[in-house]
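Structure, as structure tokens:
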Amino acid sequence: MYDSDLKIPAKMATAPRCGRPRLPRKRSRAGPRIRVLPILITLAVVVLATLLGWAAWQSYMVAPWTRDGTVRAYVVTMAPEVAGRIVELPVADNQFVRKGDLLMVIDPTDFTIAVSLGEAAVEQARATAQNATAESQRRQKLSNIATSEEIKETFASRALAAEAAVQQAVANLDQAKVNLKRTRVLSPVNGYVTNLLAQVGNYANVGRITISLVDADSFWVDGYFEETNLRSIHEGDRASIKLMGQDEIVGGHVASVARGINVANAQPDQTGLASVNPIFTWVRLAQRMPVRIKIDQVPDGIRLAQGMTATVELHRSEAVGRERQAVRR
């Protein structure tokens with residue numbers, strides 16, 4: 001017998017395919033789990049974005065920072081105090097020198113001769129003074145019959161003038177010795193010779209800058225912060241300094257805050273009146289005030305140079321915060 005619809009035997013139509021009874025299918029529980037996973041991922045992303053946003057706000061808005069920073073240092077300019085030709089120049093450009101090291105020597109010939117002439121002048125003045133003093137003493141011992149009172153006063157004045165001439169000769173000798181000493185120009189600080197243009201044989205004039213030294217012990221950083229951040233900046237706050245092209249962080253602290261900058265509208269004209277700019281924009285840009293950062297720690301391998309660009313970030317010092325709370329109480 002065959003099934004009329006499928007045209008297969010009835011026994012085969014009703015019998016199981018593999019000889020096993022059919023079992024009811026169980027509903028899978030993976031569906032709800034898969035639906036919950038995207039929600040958890042979304043919540044995790046939202047929380048992470050919130051934390052990152054809060055950290056960015058704290059870093060960029062709460063903690064004062066600026067990318068407008070400059071490394072500064074004192075530059076000592078060496079100008080000869082005596083004129084002459086340079087005969088020795090034992091330093092080179094960018095060389096490190098210590099305090100007291102010889103920088104250059106000016107030809108000492110004329111000054112050595114001046115010292116010899118000064119010594120001779122002192123001896124001559126002393127001999128003249130001794131003779132004048134002796135003559136005055138002899139005249140003072142004579143009676144008024146042998147010599148008049150006027151002559152006695154004249155010889156006494158000559159003796160005083162001779163003593164003054166001795167003092168003048170001694171002063172000239174001291175000046176000659178000082179000038180001779182000034183022919184040897186010594187370094188007043190520990191620093192680096194920079195932009196050296198002088199050469200042996202050049203003529204050095206009095207007061208004209210010949211050698212410039214960057215004081216190695218005077219480096220600091222000027223951070224130019226917007227005036228809206230000045231309320232959060234106080235002396236003693238810790239500072240993190242990152243130099244351009246360097247990965248290491250230079251440590252420091254706020255030493256002082258500038259009390260003024262140049263005001264263009266306050267410049268007087270030829271008549272002495274203030275020159276006020278008539279242009280006034282609706283968008284007012286915050287002025288930048290210099291904040292002096294003292295360098296406390298320089299990592300190994302960092303080479304400081306005058307004029308380097310720096311990024312400065314300030315952190316409130318715990319000790320300073322406790323002092324402020326104590327003052328408020």
Using a simple spin-label model with points 7 Å from Cα along the Cα→Cβ vector, what separation in nm is obtained for N94 and E81? 3.3 nm
On a C-alpha basis, how far is the centre of the range 252-273 from the centre of the range 46-114 in Å? Whole number, if you could? 24 Å
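How high is the FRET efficiency from E227 to N202, r the C-beta distance, R0 51 Å, rounded to 0.05?
It comes to 0.60.
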Using +1 at the C-beta of Lys and Arg and -1 at the C-beta of Asp and Glu, which of T210, P299, A310 has the Cα lying farthest in the positive direction of the dipole of the range 186-329? A310
What do you get for trypsin sites (Lys or Arg not before Pro) in the range 234-317 restricted to DSSP loop and a cutoff of at most 11 other Cβ within 10 Å of the site's Cβ? R259, R284, R303
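Read-outs throughout are calculated quantities, based only on the coordinates presented, and are distinct from any laboratory measurement. No experiment lies behind these values; they were computed from the predicted model shown. Cβ atoms come from the backbone with ideal geometry, glycine included; neighbour counts cover every protein chain shown.
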